[in-house]
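The values are calculated or read from the model by the stated rules, or taken from the named source; none is laboratory data. The structure displayed is predicted, hence computed values, not measured ones. Please note: Cβ atoms are built from the backbone with ideal geometry, for glycine as well, and neighbour counts cover all protein chains shown. For the accessible areas, the whole protein counts, side chains as well, though only heavy atoms, and no ligand, DNA or RNA atoms are used. Shrake-Rupley method; radii C 1.70, N 1.55, O 1.52, S 1.80 Å.
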Amino acid sequence: MRGDDERQASVWSYIPLEQRVPVDHPLRPLRAMVDAILIELSPQFERLYARVGRPSIAPERLLRALLLQVLYSVRSERLLMEQLDYNLLFRWFVGLQADDPIWDATVFTKNRQRLLEGDIARAFFERVVTEARRRGVLSDEHFTVDGTLIEAWASLKSFKRTDAPGGPPDDPGNPTVNFHGERRSNATHASTTDPDARLFRKGDAHEAKLYYQGHVLMDNRAGLAVDGSLTAASGFAERDQGLLLAARRAARRRITLGADKSYDTRDFVAALRGLAVTPHVAQHTTKRASALDRRTTRHPGDQVSQRRRKRIEEIFGWLKTVGLLRKTRHRGVARVGWMFTFGLAVYNLVRLRTLAAQPT
């Protein structure tokens, strides 16, 4: 018998959102971990908000919504609000009822600014790492460090001389710029769109673009990010940040640090040994001698680190393909760094969910 195709809309629904989400949905374990972390962050939220005045968007709901934006690669806050309006799964995860009004995108971004000023992304990330340590999946002995380039939200047309203000553009939306034959560098030029971005290129075969540089310290056992930072792009930032990230861990116990060939310099290896860190760095022997010798490379642990260190590329790949960081949508080191740290926290949550589902 053929069923009816009635078009009259129903006015009431008596099924709660909790029942609409399958019990085995992959967002359920994430929601449980996130809720536990947000309860721990509640005292820190209290210090960010006044006790009187008009209520703002709850910071817990802000963070859950931002987590969905990263997890589902929603490219703008306006599209995120659109999804929250009709996506019942998103409403359930954020903590909204089916009939709750959705925030304006501008209001959402202004409320997010308070979380940036309070460095909530770092606090959230550290509690995710603490949860991983509580579950016993971290080694706290063997690590890998590496960096990646994140393209800035600024074009080369905005990269202009700082000592010679130009005239009005012929087209404000897309001006004609002829910089052929002009020698441009970060010492004499800056982007008018994002002054914190730096002109950089990955190698001789690549073109120069405006970039930031993200740095990650990974635990070799589970492939989780245990620390990270974001800086302006430069030729020395990777090694400088690598030493800084390693020093934070070496203060607790002796560790090993894996890295690729770009870290194989005498200064970097000597600095690691000065921190009581064993350098498991890939040897760079092309047209020069390596800074490492048989004291390190003869041990089996060095070969293990050379295999495990490649997993850090999985973190960078996820951040760029899923986490909206192939080309950032934000400007400034502070804001891009906030999203980079938050993206690492979301990656760790997904990784923890995967590890918990594996048979022991």
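Carbon-plus-sulfur fraction of the accessible area of the chain, 1.4 Å probe, in percent? Could the numbers behind the result be given before it?
On the way: 9970 of 20030 Å².
Of the solvent-accessible surface of the chain, carbon and sulfur hold 50 percent.
Suppose the chain between I39 and D85 were pulled fully straight at 0.36 nm per residue; how much longer would it get relative to their current alpha carbon spacing?
14.0 nm
With a 1.4 Å probe and all protein chains kept in place, how do Y347, Y14 rank by accessible area, largest first? Intermediate results must be reported in sequence, preceding the final value.
Numbers: Y347 20, Y14 195 Å².
Largest accessible area first, the residues go Y14, Y347.
Report the extension gain between R28 and R134 in nm, rounded to one decimal, defined as 0.36 nm multiplied by the number of residues separating them, less their alpha carbon distance. If you can, show how the numbers build up before the last one.
Details: separation 106, 0.36 × 106 = 38.16 nm, distance 1.98 nm.
Once the chain is fully extended between R28 and R134, it gains 36.2 nm.
Counting helices only, and only those DSSP H runs with n ≥ 4, report the 222 nm mean residue ellipticity of the chain as the sum of -39,500 (n - 2.57) divided by its residues, in deg cm²/dmol to the nearest 500. The partial results should precede the final answer.
Working: 13 runs with 155 residues, N = 360.
Taken over the chain, the calculation gives -13500 deg cm²/dmol.
What net charge do the residues around A233 carry, taking every other residue with its C-beta under 11 Å from that of A233, with Lys and Arg at +1 and Asp and Glu at -1? Provide the component values of the computation, followed by the final result.
Working: positive: R198, R201, K202, K209; negative: E151, D196, E238.
That sum, taken over residues with Cβ under 11 Å, equals +1.
How high is the FRET efficiency between R47 and N186 when r is their beta carbon distance and R₀ equals 30 Å, given to the nearest 0.05?
Details: r = 38 Å, r/R0 = 1.25.
Efficiency for this residue pair is about 0.20.
Checking the table K160/K310; K110/K157; K202/K320 against a 27 Å threshold on Cα-Cα, which pairs fail?
Working: K160/K310 38 Å; K110/K157 29 Å; K202/K320 16 Å.
Violating the 27 Å Cα-Cα cut-off are K160/K310; K110/K157.
Short version: ³J(HN,Hα) in whole Hz for each residue of the stretch 281-288, in order, from phi by Karplus 6.51 cos²θ - 1.76 cosθ + 1.60 (θ = phi - 60°), x for Gly and Pro, what are they?
After applying 6.51 cos²θ - 1.76 cosθ + 1.60, I find 9, 4, 6, 9, 10, 6, 6, 6 Hz.
For Cα pairs less than 8 Å apart in space and 6+ apart in sequence, what is the mean separation divided by the residue count of the stretch 2-114, i.e. the relative contact order in percent?
Numbers: 53 pairs, mean separation 32.7, N = 113.
Reported as a whole number, the value is 29 percent.
Could you compute the net charge surrounding N220? Neighbours are other residues with a C-beta less than 15 Å from the C-beta of N220; K and R count +1, D and E count -1. Write down the numbers at each step before the final one.
On the way: positive: R133, R221, R249, R253, R254, R307, R308, R309, K310, R311, R351; negative: D140, E141, D146, D219, D227, D260, D302, E313, E314.
Once all neighbours under 15 Å are counted, the net charge is +2.
If each residue of separation counts as 0.36 nm, what is the full-extension length gain between R329 and D104 once their alpha-carbon separation is subtracted?
On the way: separation 225, 0.36 × 225 = 81.00 nm, distance 1.87 nm.
That works out to 79.1 nm of additional length.
How far is it, in nm, from the label point at A251 to the one at R7 when both lie 7 Å from their Cα along the line to the Cβ?
Label at A251, label at R7, 6.8 nm between them.
Which whole-number percent gives the relative contact order of the chain, counting Cα pairs below 8 Å spaced six or more residues apart?
Values: 462 pairs, mean separation 70.0, N = 360.
Relative contact order for the chain comes out at 19 percent.
Once R0 is set to 22 Å, what does the formula 1/(1 + (r/R0)^6) return for the Cβ-Cβ distance between A357 and E141, expressed as a FRET efficiency to the nearest 0.05? Provide the component values of the computation, followed by the final result.
On the way: r = 25 Å, r/R0 = 1.16.
My answer for the efficiency is 0.30.
Leaving out ligands and nucleic acids, note down the accessible area per residue over the chain with a 1.4 angstrom probe, in whole Å². Mind dumping the intermediate values first?
Values: 20030 Å² over 360 residues.
So the chain comes to 56 Å² accessible per residue, rounded to a whole number.
Whole-Hz Karplus ³J(HN,Hα) for the stretch 318-329, in order, using 6.51 cos²θ - 1.76 cosθ + 1.60 and θ = phi - 60°, x for Gly and Pro?
Result, rounded to whole Hz: 5, 4, 8, 8, 10, x, 6, 10, 5, 9, 5, 9.
Scaled to the compact-protein estimate 2.2 N^0.38 Å, what is the alpha-carbon radius of gyration of the stretch 241-332, rounded to two decimal places?
Values: Rg = 15.3 Å, N = 92, 2.2 N^0.38 = 12.3 Å.
Compactness ratio reported: 1.25.
In the neighborhood of A65, defined by Cβ-to-Cβ distances under 15 Å, what is the net charge if each Lys or Arg adds +1 and each Asp or Glu adds -1? The partial results should precede the final answer.
Values: positive: R31, R61, R64, R75, R78, R91, K110, R112, R114; negative: D35, E60, E77, E82, D85, D100, D104.
Value of the local net charge: +2.
Among P29, P279, L71, which residue has its Cα positioned farthest towards the positive end of the charge dipole of the chain, with +1 placed on the Cβ of Lys and Arg, -1 on the Cβ of Asp and Glu, and the dipole taken about the Cα centre?
Checked the options; the winner is P279.
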